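Okay, structure first, notes after.
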């Protein structure tokens, strides 16, 4: 960490050049003796990355930004705020602290927080920023979090960690493919805390994760604007024998949740055997990740279009549904759509014989904010084109 980056004239330069081309800036001569042009470019690029993702950091003076990759990989304020409510007790240790976003929000809900980060520079940066942000109950240690747990006699109410996938792991990965290896150290973690919160990428299969881990009481699937951001695994040392609770959460203008206990999703579903009318429901990606395709229909009194199509129909509009809702205007044939002059609408293709981008070209469909053409398949395996308008966004 180069402390000269925090000099007032350097900070003023960064704020005055936020709209500059950082690639050109990195290649030019720095106006400062103790801060090179690459460091200036990184501060500007990282701060710009924080505008929406980390607005509190962006708006706070004298924040020191790490390498751009750390900003890209850290939690957003939206997801960090949600997970902070899952901590229990007065003390929490973050074993993989990084830039410190999760630690900052956890520190708002506990009395004392220990931030562990093996990268000395990143640990120093997190410590400095915690002071600038006014969160003074964070203690930053430049240590390996697992090694610290092995040596200390201290017991924490909550342990949090965000294991990094090892580069050798393929697209499909398991927890044992991550560093630190949670599976290998689970007994240690359970001996040092009442609750463990593990953050993983959404690519991790929930069933596979439950097989690798013991004592899982909850799994939270976090989505923002229909993009699955992360999975949270809650492990409690005193967990009861009941099945883990799965919660799909959408963090948009309002927060919506869909929860069930593992096994409840194995239920029957009613298929729609008549012409679709009323309202069309499209679940958020968090619901789809949960695998509760049939339970969604039962809970919201919906009928499913097709066993392999996660689209649902109802004659009522339920705004508590986590996902998009469309009003069905009519059912079109392929020839009907071809006859339309300059048809306008957004195209959705689900379990259809062609891709959305090809259908746009085929029917010369121009985009529209509110109107949609939904290409899908019905219960009788007939292909459908539904003319609809959006009633509820994600």
_Based on C-alpha coordinates, I'd like the Rg and Dmax of region 168-297, in Å._
16.7, 58
*Theoretical ellipticity at 222 nm over the chain - DSSP helices of four or more residues, -39500 (n - 2.57) apiece, nearest 500*: -8500 deg cm²/dmol
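Under the 0.36 nm per residue contour assumption, what length would be gained going from the current alpha-carbon distance of residue 269 and residue 7 to full extension?
Details: separation 262, 0.36 × 262 = 94.32 nm, distance 6.35 nm.
So the chain would gain 88.0 nm between residue 269 and residue 7.
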*Where is the GNM fluctuation largest for the chain (alpha-carbon springs, 10 angstrom cutoff): 177, 382, 102?*
382
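Rounded to the nearest 0.05, what FRET efficiency is calculated for residue 38 and residue 179 with R0 set to 25 Å and r the Cβ-Cβ distance?
Values: r = 28 Å, r/R0 = 1.11.
Here the calculated transfer efficiency is 0.35.
With r defined as the distance between the Cβ atoms of residue 187 and residue 118 and R0 fixed at 22 Å, what FRET efficiency is calculated, to the nearest 0.05?
Details: r = 22 Å, r/R0 = 0.99.
After rounding to 0.05, the efficiency reads 0.50.
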*For residue 354 paired with residue 245, estimate the spin-label separation in nm (one decimal), with each label point 7 Å from Cα along the Cα-to-Cβ line.*
4.7
_Need one number: nm distance between label points at residue 90 and residue 27, each 7 Å from Cα along Cα→Cβ, rounded to one decimal._
5.8
*For the chain, with a Gaussian network of springs between Cα atoms less than 10 Å apart, report the residue from 207, 114, 96 with the top mean-square fluctuation.*
207
*asked:* Restricting to bridges with both residues inside region 293-394, how much of the DSSP beta-bridge set is antiparallel, in percent to the nearest 5?
replied: 75
*asked:* Quick check on region 72-149: what are the equivalent-ellipsoid semi-axes from the Cα gyration tensor, as sqrt(5λ), descending, whole Å?
replied: 17, 14, 12
*Could you state the principal axis extents of the C-alpha atoms in the chain, from the largest down, to the nearest angstrom?*
70, 58, 36
*Take every Cα-Cα distance within region 279-392, group them into 10 Å bins from 0 onward, and report for each bin the whole-number percent of pairs it holds.*
14, 47, 32, 7, 0
*asked:* For the pair residue 333/residue 253, report the inter-label distance in nm, with labels modelled 7 Å from Cα in the Cβ direction.
replied: 3.9
*Using bins 5 angstrom wide from zero, how does P(r) for region 277-332 break down, in % of all Cα pairs?*
4, 20, 35, 26, 10, 4, 0
*Percent antiparallel among DSSP beta bridges with both residues in the chain, to the nearest 5?*
65
*Could the peptides 285-293, 335-343 be put in order, highest first, of the mean number of other beta-carbon atoms found within 10 Å of their residues?*
285-293, 335-343
*Would you mind getting me the FRET efficiency between residue 60 and residue 153? Use the beta-carbon distance for r and R0 = 35 Å, nearest 0.05.*
0.45
_Most mobile of 199, 52, 327 in a GNM of the chain (Cα contacts under 10 Å)_ = 52
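Values in this text are rule-based calculations from the coordinates and carry no lab data. For clarity, every value in this text was computed on a predicted model and none was experimentally measured. No Cβ is skipped: glycine too gets one built from the backbone with ideal geometry, and neighbour counts run over all protein chains shown.
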